[in-house]
1. Restricting to bridges with both residues inside chain A, how much of the DSSP beta-bridge set is antiparallel, in percent to the nearest 5?
2. Straight-line reach from D:K315: which lysines fall under 23 Å, measuring Cα to Cα and dropping same-chain residues less than 8 apart?
3. Roughly how far apart, in whole Å, are the Cα centres of region D:168-184 and region A:199-236?
4. Quick one: with label points 7 Å out along Cα→Cβ, list the inter-copy distances for C:R147 in nm, shortest first?
5. Which residue fluctuates most in the GNM of chain D (Cα springs below 10 Å): D:Q272, D:Q49, D:Q292?
6. Shielding of C:215-225 by partners, i.e. mean partner chain Cβ atoms within 10 Å per residue?
7. How large are Rg and Dmax for region B:119-181 when calculated on the C-alpha trace, in angstrom?
8. With respect to the symmetry axis carrying chain C onto chain A, which residue of chain C exhibits the smallest Cβ distance to that axis, and what is the value in whole Å?
Number of protein chains: 4
Amino acid sequence: MSEIDFIPRPDQFVWTFGGAPPVATVQPGDVLRLWTEDAFGGVLQRTDQRPSELLDTRYLNPQTGPFLVAGAEPGDTLAIHLVAVEPARDWAASTTVPFFGGLTATDRTAMLHPALPERTWIYQLDRARRTVLFESTYPTAGGDPLRLELPIDPMLGTVGVAPPLREVRSSLVPDTFGGNMDTPEMRAGVTCYLPVNVEGALFSIGDGHYRQGEGESCGTAVEGAMDVTLIVDLVKGGPDRPAPSWPRIESDDHLVVVGSARPLEDAWRASQVGMIGWLGELYGLDPLDGYQLLTQISLAPLANVVDVNYSALTKLRKDLLPPARAYDGLHADLRARAAALR
Amino acid sequence: MSEIDFIPRPDQFVWTFGGAPPVATVQPGDVLRLWTEDAFGGVLQRTDQRPSELLDTRYLNPQTGPFLVAGAEPGDTLAIHLVAVEPARDWAASTTVPFFGGLTATDRTAMLHPALPERTWIYQLDRARRTVLFESTYPTAGGDPLRLELPIDPMLGTVGVAPPLREVRSSLVPDTFGGNMDTPEMRAGVTCYLPVNVEGALFSIGDGHYRQGEGESCGTAVEGAMDVTLIVDLVKGGPDRPAPSWPRIESDDHLVVVGSARPLEDAWRASQVGMIGWLGELYGLDPLDGYQLLTQISLAPLANVVDVNYSALTKLRKDLLPPARAYDGLHADLRARAAALR
Amino acid sequence: MSEIDFIPRPDQFVWTFGGAPPVATVQPGDVLRLWTEDAFGGVLQRTDQRPSELLDTRYLNPQTGPFLVAGAEPGDTLAIHLVAVEPARDWAASTTVPFFGGLTATDRTAMLHPALPERTWIYQLDRARRTVLFESTYPTAGGDPLRLELPIDPMLGTVGVAPPLREVRSSLVPDTFGGNMDTPEMRAGVTCYLPVNVEGALFSIGDGHYRQGEGESCGTAVEGAMDVTLIVDLVKGGPDRPAPSWPRIESDDHLVVVGSARPLEDAWRASQVGMIGWLGELYGLDPLDGYQLLTQISLAPLANVVDVNYSALTKLRKDLLPPARAYDGLHADLRARAAALR
Amino acid sequence: MSEIDFIPRPDQFVWTFGGAPPVATVQPGDVLRLWTEDAFGGVLQRTDQRPSELLDTRYLNPQTGPFLVAGAEPGDTLAIHLVAVEPARDWAASTTVPFFGGLTATDRTAMLHPALPERTWIYQLDRARRTVLFESTYPTAGGDPLRLELPIDPMLGTVGVAPPLREVRSSLVPDTFGGNMDTPEMRAGVTCYLPVNVEGALFSIGDGHYRQGEGESCGTAVEGAMDVTLIVDLVKGGPDRPAPSWPRIESDDHLVVVGSARPLEDAWRASQVGMIGWLGELYGLDPLDGYQLLTQISLAPLANVVDVNYSALTKLRKDLLPPARAYDGLHADLRARAAALR
């Protein structure tokens, strides 16, 4: 087991899943200490900046990676355990990008409205209090802008591998290969399971959010650079160990499946059928029994309703279920390995 | 303030919002002690019963009501405070209704598949432990059926008023008038605010669930008869006191707006724009500032992805927001009145 | 067989399907000569008029009817044969209603955009040329407004019966009961088959369009009052003569099924499965064979992408199919009866 | 101007838009005489063959190309004029692929149904009569299988260029770059205009259909190998000559814009806004005037409701519009060049 430090130089960023040569080869079990740039490439820094003047769609969501995982083959399952996800700057940014977001006309939900106004919000981080400060652009009824201290809950918008079918997808896309899922569940302490589609898996991460609401309404969370420590591991495939059809996330307390599609009900459906499959693997539970059980215990927080595909979650409390050892207890093992790191 | 007890006789049920004469007239401030039949009219009682043989679409979701609220006029806001929602039987039922549910072809998502198998699950209630028992139909990997004790979290699937535009809607429908929203948030301790569309509001309740997952995957929760205590109140409309465009729910800890539409993203959009409006009313927050704030703090649990319209929520933690007194502090006042009841 | 003339007085209009007493009782086979007001109640007459000042949602799509059809019972099929649909005025109107239409934010596809500008277009009818004149509000590249003579193709936006499940729906709604389907196929010469849901069927018509594009993009076609002659007939139900699940339209050349739902793919799916059912009735064609055949010969023009439900069509050329006598040749019989009328 | 003949060897097929080296470099104005394999790679030949045994998703829709167009740069518009599209075999095939199609559960519209039965239909071509023969698998009411002679209307399912944003997409995908649009409008005699996203455009064609219904219900049309003659041309970009945001098709009689998205209403919206933009370019027509005009004259046939994105069309009759010379009359010029070819 090695520890690998990697801070991408500006010329090392990539903006796709698949299609780029690996920046390094890693072994299953390796610990990676990485730095990720924010979704805007770090250029949005002041509230008077306009995204239409500064941002170029080709350079959003720069990825740290891809990393080639030695021995990973199609049919295997890649496990990414997030040991730590910590703000790497003292500020973060959010903005309204023209024709992008959940409550605006877009290139697909095409309408005749002019774009919403462009505005940028800068969030100052208080490391001691672990909060960021929201400040409204306009004064409120009290005569002052609204200022709210919001607890940080750092997460990664993108964790993804190279897609199947020879495709190369923009780092703005979430799909079966993970990618830009933009779910607050992707925080330190979880293990993310992704299907391996190409030799070496070629995973990358990026798009750190100091916090994000479910749905990511305007399309950009509290976007900030991150220091990320992760452990990569590999579950070899086999007849009784199929790669997951959709990304899975395991925490100490929850099992999660992430579906990504449009319309939004299809994202939810994919996550539900994915979870019924997981319950079948874990307990031998019949699919209709799984359907019934989800009906009564599923949590269904949205991830994003803004990206190329929308992402919805099926999330289960472990304490409502019988004990189970997904992937032979890999998550607990990774937690232990992470605890031993410092 | 009166206390009104009402247990509907079989001939007193109604299956619509709007279109039925009131069973009683109540005054703002009145306390109602009601009983609600389950969604199946009480007929599903054994696991060997098939919904296609026993259920008639015309008699699902029987409503207790409607109640005419004296003085309620279009433009007013009706407040329903749920004091208590308690199981009225020791068992409840769930089932797969042919061509109804989230993971099946339906009359609208029309396909060429035969219907999924019909199965019925009966849940026994343990009042002392406040749990219901899930038991899988088929044995699992361990050789036995899966048995899980699930904590109850009693709620009402339907809380609704008569619709606008002279419409009469089936009690299976959620929309701007509330109705069959099927959200687990509709539990004891909350206040639900609904727009008054017709003289007297004509509200009714029903469709009790001993518990329900977010999304209500198969379409029927842990369906059971309920004893419900509620306080009804009225907020007169005016230029600075508009009726809400979508149902609002207030608890001690959260503000919620419920949107209902298809596709699911539109249900979410409606709830988001509804909440931005509410933040504007509460704080004078500019809509784009509200959009930004929701992006970072919104919770977005699904309600149902099975009904005539799907229902999605925008839910905010009050402790992240400045203190506010929605409707002049009506919820706190109702909580106090409820506490004094016994 | 009687001939019945009916021009509604202003106090006789209704704005719902279901929920209103019949204006007259008719017998199967009767000929009705009717007049229908335009969707705006006749109030939009000049290009400087703004819909937000003149229109009230409660009074849109006034219906002529409902008519009680003697002997019609649930399970029967109502046939409405349109003998003539002719402009009753020399002008018609169209407009952009705030937050209504296909390329604008709406109450459901809720966004933060202000409403699109309100504009009204008035179309003059040239009866001899059978054209209406489109004139653009703004000058074009040539320096003048664009003026286009467009051939009229008169049709009815609404043909509907009372809904099932005790519902009363606004005349703005299309669904299984027909209603506001807004399809250009509803022109003179066709027979529309609708399921009977209540005693007497209670059908009504209205919402004449001098012409309309497929999709009805902005939500209001060339809206004008109409003189309508129709023959009503009844097909009694039975085991081998089920009422159609979705509205059917038969012309001399085509068979059409209209599905209405959101999202739009569900409207299309409903129309496809409806047509596969019709092919089964007509030829005994196996459903998968029907699926294959539709794949190769279905026409799929949109009706509207603006109403409460969107409407999509499955349309087949009769000359590609074996001869068939739907409903024992009722359409041909009605054509003959219509021809004999003058 | 050169004439280029190219029949791909089996090792020369590609299955993506973008990501593959060009098979040849062509000049604007060149005539290409090409052969395209069918969507199944030619392997489905008998009605007893099952797609799940013979088809591999990685090898569907093999493309002939890509061709590098000399001088093509991002911002330019590529014109592909289809001179001839003729069946290259005497038979064609269609089939139901498990979990693919418009009336079945899919990987995204995920459900718990088993797959629909797999069936294959083989169509024999009668070159003299220009028909293919549909034969039902099962006998119909008459006791025999249904046999229908259907006129051929040969078309290409895929015409596409390399995508923007460094993406590589499967040849199963339709999007802004064209691709697997599966519209019957892509027949001989039309000119297709596509945006150039990368140096050389890198266009390819494939997926010939001897005929196809609108919607392509089961997902596979009358799939057959094709002999295709086309002329490629280039419109250099500039401030007044923007590349189209969505694919455009021009025939002698119609203007068409193809939108591809999910849900289906977004595909339609994209095509509508795209056409309003085109009308603006052609006539200087104000967007709201364009919206109004489309409302009254738009045709809206569906293309496919089965692919990764669904495709919908906005289609206008030229004879309802003032004369216009799109791209300086390029289509008429290409028609003349095509006529001179033999």
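No lab work stands behind these numbers, since they all come straight from the coordinates. Everything numeric here is computed off the predicted structure, so don't read it as measured data. Reconstructed Cβ throughout: ideal geometry from the backbone, glycine too, with neighbour counts over all protein chains shown.
1. 90 percent
2. Leaving aside lysines fewer than 8 places away in the same chain, those within reach of D:K315 are C:K315.
3. 30 Å
4. 5.9, 6.4, 8.6
5. Its mean-square fluctuation being the largest, the pick is D:Q292.
6. 5
7. 18.2, 56
8. Residue plus distance in Å, as requested: C:H113, 2.
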